[in-house]
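What follows is a single structure, written as structure tokens, with notes after it.
What follows draws every value from the coordinates through simple rules; no lab data is involved. These figures come from a predicted structure and were not determined experimentally. Cβ sites come from the backbone with ideal geometry, for glycine too, and all protein chains shown count toward neighbours.
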Amino acid sequence: MDLATFEAAALREWQAIPEAHRAGIVALIVERDARYDPDLPDVPLLGECVVDTAMSYVEAPVHSTIHLYFGSFVHVAAIEPDFDWLAEVRETLHHELTHHLEWRAGHDALGEREDVERENLGRLAGEPFDPTFYRYGVAIARQVFQVADEGFLEVWVPPAQWPRLLSERCEVRWGGWCFTCCPLSESNLADDTLFAEIEDGWDESEPADTRVDAWAAVTLVFCKRRTWLKRKKAPAFRFVCEIDAR
């Protein structure tokens, strides 16, 4: 798709949105170049809603400008063979419009969710991150959270057992599933918290919690339990074998 076709498609999708929902949008601007997250330079931004801060000084309703970055669409399309240009334009417009509508209503639930997802992207990229970020995702069950399409199982480990995480495989059982992970590295340690990608997972009993099927990834989060901290109904875990250190 070339720039002119992209602009025409964006305008059609924009005009299809009811005018009342577009109230307060000063302009829709299509930018030729790509734009990337300032904190995660490998993550392209397809769009952005920029608020007019001057309105706050005169206590007027929020006014915003929506930007679509054609170069970012080109970037993503080059690495995703099934990239649907029109669907992505539509989704991006509605996404940025949601930001605007929430700001006008006096809250920012979408922005808060994006902040949590950005923390996870920073973790995966090896950047500094808040080790408790996943708790601000969607609570699935006790000590089980979802951020975007990734599940996080929080497991509290007694201090005396903590060293074994660095030398042995372990199992974590939850919702009819059993997940295993390799010995962990201290390089994954963040504020007495270890993040571990699973080595394997399978149905341990029937019926298993089907929400796991929708997750693209499962991450185990091991937290060092303080002696005064008591947890009930936590995901059960055990060490299954020792790793030969020779």
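Sort 175-184, 103-112, 131-140, 79-88 for me by packing, meaning the mean count of neighbouring Cβ atoms within 10 Å per residue, highest on top.
175-184, 131-140, 103-112, 79-88
Ranked by Cβ crowding within 10 angstrom, fewest neighbours first, how are H100, H67, H21 ordered?
By the 10 Å Cβ count, ascending, the order reads H21, H67, H100.
Using 0.36 nm times the number of residues separating V138 and L40, minus their current alpha carbon distance, what extension gain do you get? Before the final figure, lay out the partial values.
Numbers: separation 98, 0.36 × 98 = 35.28 nm, distance 2.29 nm.
Extra length available between V138 and L40 comes to 33.0 nm.
I need the calculated FRET efficiency for the pair L110 and D203, taking r as the beta carbon distance and R₀ as 30 Å, to the nearest 0.05.
On the way: r = 34 Å, r/R0 = 1.14.
Efficiency computed from Cβ-Cβ geometry: 0.30.
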